[in-house]
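J.: This is the structure I want to talk about, given as structure tokens.
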Number of protein chains: 4
Amino acid sequence: MAERIWDKFLTDRDKAVFAAAGYGARAGFGKKPALLIIDVNYNFCGDRPEPILDSIKQWRNSCGEDAWDALPHIRSLIDVCRDKGIPVLYSTGTGREDGWDRGGWAWKNARTDEDVAPPAPRESARDGNDIMDEIAPGPKDIVIRKLKPSVFYGTNLMGYLNDLGADSLICVGTTTSGCVRATVLDAFSLNLRVSLVEEGCFDRSQASHAINLCDMNAKYADVISIDEALDYLRGINDAEYNLPSGTPVKG
Amino acid sequence: MAERIWDKFLTDRDKAVFAAAGYGARAGFGKKPALLIIDVNYNFCGDRPEPILDSIKQWRNSCGEDAWDALPHIRSLIDVCRDKGIPVLYSTGTGREDGWDRGGWAWKNARTDEDVAPPAPRESARDGNDIMDEIAPGPKDIVIRKLKPSVFYGTNLMGYLNDLGADSLICVGTTTSGCVRATVLDAFSLNLRVSLVEEGCFDRSQASHAINLCDMNAKYADVISIDEALDYLRGINDAEYNLPSGTPVKG
Amino acid sequence: MAERIWDKFLTDRDKAVFAAAGYGARAGFGKKPALLIIDVNYNFCGDRPEPILDSIKQWRNSCGEDAWDALPHIRSLIDVCRDKGIPVLYSTGTGREDGWDRGGWAWKNARTDEDVAPPAPRESARDGNDIMDEIAPGPKDIVIRKLKPSVFYGTNLMGYLNDLGADSLICVGTTTSGCVRATVLDAFSLNLRVSLVEEGCFDRSQASHAINLCDMNAKYADVISIDEALDYLRGINDAEYNLPSGTPVKG
Amino acid sequence: MAERIWDKFLTDRDKAVFAAAGYGARAGFGKKPALLIIDVNYNFCGDRPEPILDSIKQWRNSCGEDAWDALPHIRSLIDVCRDKGIPVLYSTGTGREDGWDRGGWAWKNARTDEDVAPPAPRESARDGNDIMDEIAPGPKDIVIRKLKPSVFYGTNLMGYLNDLGADSLICVGTTTSGCVRATVLDAFSLNLRVSLVEEGCFDRSQASHAINLCDMNAKYADVISIDEALDYLRGINDAEYNLPSGTPVKG
């Protein structure tokens, strides 16, 4: 098998153990997937492609250039899904203006206050929770606002999947070691098949990115390439979903 | 700050990013902790201390000697908690005899069938889900059976903590990158303070162990030493909990 | 429309309001149902058909003869489902011998202690949580042990439905105003279609039975007759489910 | 005991059964309550006090005059809580402009389309999900937007209670048989003590209101009077909560 991104972070013993323990088998796809794009907003990408250590001066959660490298791949997945009538869901953050509902997030980060009070006006004047323009949600897409890592936690995601008639997830987004990992875990616990598209996932930490992909691929999900994901989605025909109409009925 | 176990797995860029991004602050303890011992059973320890690559021949999920190194530390935490009247909770696995409820676990592992049909009789005749004799639950302790990684998922753990009157968790157990990580995530999402005792956690993969501790310490929990944990627990006085009586009322 | 069981409990104003408010439309069936039999055990039926006020002397939660009237209807649903390969799930209670995990149940009932210590030996020597012999689970059926009213709460039911490939529920059992109501609510919140079979549901309180059926039919589920349910189930062909094998693989 | 509102809806057998079965004991208060005001918005109250059958012409979910009778009682609870520093939480609805996320609500109601497209412009131009002016949230209060009956479902309510340091709920709002019942059920399952203030709860159906109070008082919560609730809250001193600051920190 070709080398994986996590191989260089594993010890020799780790490689022997993973080989012997049986983990990392292929789970396979479902029949009616939904695409889930996790937290790809200005907070995690910054407002321009620049090296991560520059980007995090203004955007403390930024993953820097790796985020911008992922955007075209995510865009290509969205395009195929919209074309095929496959549901496209996004998550992003939300919060009170006084920051109270940050809860545990505030306990572990010395820069939490910046989330609600940027240190200086940003040229782009972007709200950090806005989803990136490059992959902006369309009228039939579904945007889920959340406070915690997993897109399932404190949201209606499982009910949405039931109502859509989706049986599995294709996931991309950020951070691999944060909200992606948490969401994949909950999907696994719900017995939903998950494929993670490697080129569409990113993180601020290179080691965390690689090892979390390794952990998820070992136990919870299939880490696949963008080409394999696109081939799979293009091959889906006649799947019936209960998609949103996208047409406001108000007024 | 002293070197941490994950430092040698991080890239130089990672170290710079973690320092700049503000993660890894100390969350601190709660006022009324409960001790949670995650999946420390024969499946994950094997039935004797032996090198992991030997142990996993019989016990495919075994973490080998690292598990046995953790047992005395876990024992010391249990002893203090029982002495102080602090709740002690354990989790372990369960399952149907036909293996159907393995769900997603079966999809990702080539040796899943061994869980329900060991390849050969084991000398110890131990059920893999039995909690280790060295740290066996007592009559006032609480054992939670579960099917999925997080001890919160598909269980009554949150309700138990409410009924106990506990406001925070001290966690140990295995695997760091599996059930420990998943449980810590859910506790974080529920705004519960969590301290992970480093010497009491173990994993089959050295890189996964280190990086998952790093991720959790950065964002979700405090990774602390056994000495600090024991000092904290010994200092708890007059905390009132609604503990089980431990006295069967049946018959 | 024919008179419904709840009509005689409603006020005249209530009838006018329900008619005007639009509630009570027919939601309809799903395509791949599962049968869920809620808490039909000795605790809620007693060990023989006798008037409820006699039965509750020994079985404080008993619904008396109404339970026994429901049993043949439940049996007929089970038979069709097994014949068609439609999943059959049961729930029943569980608990510690010291009664600690009763939690809130203990707060609201003056006879809670009897759950763990029957006032006198029962002739039948039945465990109250045993599912009734008349509808005993088979090897391919799924039994869910729970502590709280909803079969979804603190269990893996949603994950089981995902793994089975079921998209909707046919529910029967007890009590209509307790565990049935709670389970239907959670199914509704998860956007699962639910049909309640009226002849298969029972309660200790006649008013609660009728009004809870009314509430559920108004907002959350379709309350249908046994004949309609049987017709629907008999018409299901070629639905593919991932059923348990029922064959122990152990040892 | 004084007559309860549900007595006249119960059959004679029901009264005998409830008396014999032990249900309806007093659970008692917690030590650190939070006040939860469920869905008291224009959808459920209408925009003026008028008979329910008039009100539901414009507001299909309206409970009519009973809602307006409850408002002063709810107001008095809010005033005491704010004065004492006891947390005040509200829930109300939310939804997409195309109505897709109504999910199961749309299946059971023939007038669902009106939720997103009122049949005629309303004089008051009120959004149905606005909380009533008479009890408007203040800056330190917490408003939870939800799609499903229970305020716990698909929200962060349990995490909020943990972060606040609250151990129990005082509940009021609407409808008694809908969102109030669902929320009380989840609180019960989480082993949280709940008191329902009778004068502060209302429903569109008189029978459903009475019988749901009966069911909840029997099994899940204490149904108490406004006077008892106010006395209890006034007696709370020195309870420490982590309340929101109410002061926006944004730019």
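J.: Can you name every residue in region D:193-212 that is over 12 Å from D:C171 (Cα atoms) and over 12 Å from the mean Cα position of the chain (by Cα)?
T.: D:R204, D:S205, D:Q206, D:A207, D:S208, D:H209, D:A210, D:I211, D:N212
J.: In addition: What residue, among those in region C:48-91 that are under 28 Å from C:G246 (Cα atoms) and assigned to a loop (DSSP other than H, G, I, E, B), is farthest from the chain's Cα centre (by Cα)?
T.: Checking each candidate, the answer is C:G85.
J.: Quick check on my filter: what residues within region A:188-198 are in contact (Cβ under 8 Å) with a residue 12 or more places away in the chain and open to solvent by less than 10 Å² (accessible area, probe 1.4 Å)?
T.: A:F188, A:L192, A:V194, A:S195, A:L196, A:V197
J.: Report yes if some residue within region A:163-175 is more than 27 Å from A:P49 (Cβ to Cβ), within 14 Å of chain B (Cβ to nearest Cβ) and touching a helix residue (DSSP H, G or I) at 6+ places or on another chain (Cβ under 7 Å); otherwise report no.
T.: Scanning region A:163-175 turns up at least one residue that is more than 27 Å from A:P49 (Cβ to Cβ), within 14 Å of chain B (Cβ to nearest Cβ) and touching a helix residue (DSSP H, G or I) at 6+ places or on another chain (Cβ under 7 Å).
J.: Okay, moving on. Inside region B:229-251, can you point out the residues that are in contact (Cβ under 8 Å) with a residue 12 or more places away in the chain and closer than 12 Å to B:P139 by Cβ?
T.: B:L243, B:P244, B:S245, B:G246, B:T247
J.: Then there's this: Which residue out of B:V249, B:V194 is within 10 Å of another protein chain (Cβ to nearest Cβ) and either farther than 21 Å from B:Y90 by Cβ or among the acidic types (D, E) (or both)? Before the answer, list the steps.
T.: Working: B:V194 fails: either farther than 21 Å from B:Y90 by Cβ or among the acidic types (D, E) (or both).
The conditions single out B:V249.
J.: Follow-up. So for region A:181-202 (the condition being of a type in the set (D, E, K, R) and touching a His at 6+ places or on another chain (Cβ under 6 Å)), does at least one residue qualify? Steps first, please.
T.: Taking region A:181-202 and keeping what is of a type in the set (D, E, K, R), we get A:181, A:186, A:193, A:198-199.
When the remaining residues are screened for being touching a His at 6+ places or on another chain (Cβ under 6 Å), the result is A:199.
Within region A:181-202, one or more residues are of a type in the set (D, E, K, R) and touching a His at 6+ places or on another chain (Cβ under 6 Å).
J.: Looking only at region A:26-51, which residues are of a type in the set (A, V, I, L, M, F, W, C) and open to solvent by 10 Å² or more (accessible area, probe 1.4 Å)?
T.: Listed by number, the residues that qualify are A:A27, A:F29, A:F44.
Conditions (1) in contact with a Ser or Thr (Cβ under 9 Å, 6 or more places away or on another chain); (2) crowded, with 20+ Cβ neighbours inside 10 Å; (3) modelled with pLDDT under 95, marked per residue:
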| site | (1), (2), (3) |
| --- | --- |
| D:E114 | no, no, yes |
| D:A117 | no, no, yes |
| D:A120 | no, no, yes |
| D:D130 | yes, no, no |
| D:G138 | no, no, no |
| D:I142 | no, yes, no |
| D:P149 | yes, yes, no |
| D:Y153 | yes, yes, no |
| D:V172 | no, yes, no |
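J.: Any idea which of D:W59, D:W105, D:W68 is among the aromatic types (F, W, Y), farther than 22 Å from D:I226 by Cβ and more than 9 Å from chain C (Cβ to nearest Cβ)?
T.: Selected residue: D:W59, the only one of D:W59, D:W105, D:W68 that is among the aromatic types (F, W, Y), farther than 22 Å from D:I226 by Cβ and more than 9 Å from chain C (Cβ to nearest Cβ).
J.: Let me ask you something else. Would you point out the residue of region C:199-251, among those that are assigned to a loop (DSSP other than H, G, I, E, B) and of a type in the set (S, T, N, Q), that is surrounded by the most Cβ atoms within 10 Å (Cβ to Cβ)?
T.: Going through region C:199-251, the residues assigned to a loop (DSSP other than H, G, I, E, B) turn out to be C:203-205, C:220-221, C:225, C:235-251.
Cutting the leftovers down to of a type in the set (S, T, N, Q) gives us C:205, C:225, C:237, C:242, C:245, C:247.
Values: C:S205: 29, C:S225: 13, C:N237: 7, C:N242: 14, C:S245: 13, C:T247: 10.
Here the answer is C:S205.
J.: How many residues does region B:178-191 contain that are among the hydrophobic types (A, V, I, L, M, F, W, C) and more than 8 Å from chain A (Cβ to nearest Cβ)?
T.: 5
J.: Based on what the data block shows, is B:S150 of a type in the set (S, T, Y) and free of Cβ contacts under 8 Å to residues at least 40 places away in the same chain?
T.: Details: of a type in the set (S, T, Y): yes; free of Cβ contacts under 8 Å to residues at least 40 places away in the same chain: yes.
Yes: the conditions hold for B:S150.
J.: Within region C:1-25, how many residues are open to solvent by 30 Å² or more (accessible area, probe 1.4 Å), under 24 Å from the mean Cα position of the chain (by Cα) and either more than 8 Å from chain D (Cβ to nearest Cβ) or among the aliphatic types (A, V, I, L, M) (or both)?
T.: Total satisfying the criteria: 5.
J.: Would you pick out the residues in region D:124-162 that are of a type in the set (D, E), under 26 Å from D:I236 (Cα atoms) and either within 14 Å of chain C (Cβ to nearest Cβ) or assigned to a helix (DSSP H, G or I) (or both)?
T.: Once the filter is applied, which keeps residues that are of a type in the set (D, E), under 26 Å from D:I236 (Cα atoms) and either within 14 Å of chain C (Cβ to nearest Cβ) or assigned to a helix (DSSP H, G or I) (or both), region D:124-162 yields only D:E134.
The values are calculated or read from the model by the stated rules, or taken from the named source; none is laboratory data. Everything quoted here is computed from the prediction, not taken from an experiment. Heads up, the Cβs are rebuilt from the backbone with ideal geometry, glycines too, and the neighbour counts pull from every protein chain shown. Please note that ligands, DNA and RNA were not included when accessible areas were found on the heavy atoms of the full protein model with its side chains. Shrake-Rupley method; radii C 1.70, N 1.55, O 1.52, S 1.80 Å.
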